[in-house]
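Written out below as structure tokens is the structure these notes cover.
The values are calculated or read from the model by the stated rules, or taken from the named source; none is laboratory data. Predicted model, so just to flag it, every value in this text is computed and none were measured. For neighbour counting, all protein chains shown are included, and Cβ atoms are generated from backbone atoms with ideal geometry for every residue, glycine included.
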Amino acid sequence: MSCIHRAPAGLKLGASLVLIVGLAALPAERAGWGLCALPLLLLITVLARLELKTQLSRLAFALPFLLGVASLAAFQPHGLRTSLGLLLKSAISLFTLQLLGSTTSISELLRVLRLIKLPEPLCDAIALLARYSSLLSDEARRMRRARAGRTLRASRWRLWRALGSSLGLLFVRTVSRAERVQIAMRSRGGG
């Protein structure tokens, strides 16, 4: 366990929030100043003994979403500059949150969020999300395995169609499971 992992969760959360709010406050034409935080974030990655390749691949996974949000700004006056600034600030903010999540357990984060008096329903929602995200990924893995067993060799179109159907089915199963959990919680006197 590295010194970054051992650092207090409140300190890591506070530093992350300061950086993200500072980036959000930067005007779009000054977004390049956000690159000053990048060496610090890379140093934290090295000190935390996290693989940079893994961190960057996770960031690349979110890139289409970041590009989608940034492309909306392209239709404003000074669109390209605003769009690039928004993309840069969003990517650095996401990398910051990714480092926070990689070096701090969800239970520590929840403890700090409750200490700073974040509304309890929001803390409960975060706890449930953390608890059931592994359940959701297991369900998706089982569905992917079943789909692979049914389709020996198919065209790209059929694979995309099967993926769309699987995502729809996963959504339906998730909603169904959430309803069952809610019924169980209510029967025990919960929310």
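Tell me the residue from 71, 57, 102, 107 that is small (Gly, Ala, Ser), under 19 Å from residue 15 (Cβ atoms) and part of a helix (DSSP H, G or I), please.
Within the list 71, 57, 102, 107, the selection yields 102.
Looking at this structure, is residue 88 surrounded by 15 or more Cβ atoms within 10 Å (Cβ to Cβ), without any contact (Cβ under 8 Å) to a residue 40 or more places away in the chain, farther than 28 Å from residue 2 by Cα and not acidic (Asp, Glu)? Steps first, answer last, please.
Working: surrounded by 15 or more Cβ atoms within 10 Å (Cβ to Cβ): yes; without any contact (Cβ under 8 Å) to a residue 40 or more places away in the chain: no; farther than 28 Å from residue 2 by Cα: yes; not acidic (Asp, Glu): yes.
It is false that residue 88 is surrounded by 15 or more Cβ atoms within 10 Å (Cβ to Cβ), without any contact (Cβ under 8 Å) to a residue 40 or more places away in the chain, farther than 28 Å from residue 2 by Cα and not acidic (Asp, Glu).
Does the range 77-107 hold any residues that are over 17 Å from the mean Cα position of the chain (by Cα) and either modelled with pLDDT of 90 or more or under 21 Å from residue 65 (Cα atoms) (or both), and which are they? Please lay out each step first, then the result.
Pass one, the range 77-107, residues over 17 Å from the mean Cα position of the chain (by Cα): 77-86.
Across the range 77-107, the qualifying residues are 79, 80, 81, 82, 83, 84, 85, 86.
Does at least one position in the range 86-93 carry a residue that is out of contact with any helix residue (DSSP H, G or I) (no Cβ under 8 Å at 6 or more places or on another chain), part of a helix (DSSP H, G or I) and of a type in the set (A, V, I, L, M)?
Taking the range 86-93 as the starting set, the residues that turn out to be out of contact with any helix residue (DSSP H, G or I) (no Cβ under 8 Å at 6 or more places or on another chain) are none.
Checking the range 86-93: not a single residue is out of contact with any helix residue (DSSP H, G or I) (no Cβ under 8 Å at 6 or more places or on another chain), part of a helix (DSSP H, G or I) and of a type in the set (A, V, I, L, M).
Please enumerate the residues belonging to the range 117-130 that are under 20 Å from residue 8 (Cα atoms) and loosely packed, with under 11 Cβ neighbours inside 10 Å.
If the condition is that a residue be under 20 Å from residue 8 (Cα atoms) and loosely packed, with under 11 Cβ neighbours inside 10 Å, then 117 is the only one that fits.
Among the candidates 54, 82, single out the residue that is surrounded by 17 or more Cβ atoms within 10 Å (Cβ to Cβ) and either touching a helix residue (DSSP H, G or I) at 6+ places or on another chain (Cβ under 6 Å) or under 26 Å from residue 5 (Cα atoms) (or both). Spell out the reasoning first.
On the way: 54 fails: surrounded by 17 or more Cβ atoms within 10 Å (Cβ to Cβ).
Every option except 82 fails the conditions.
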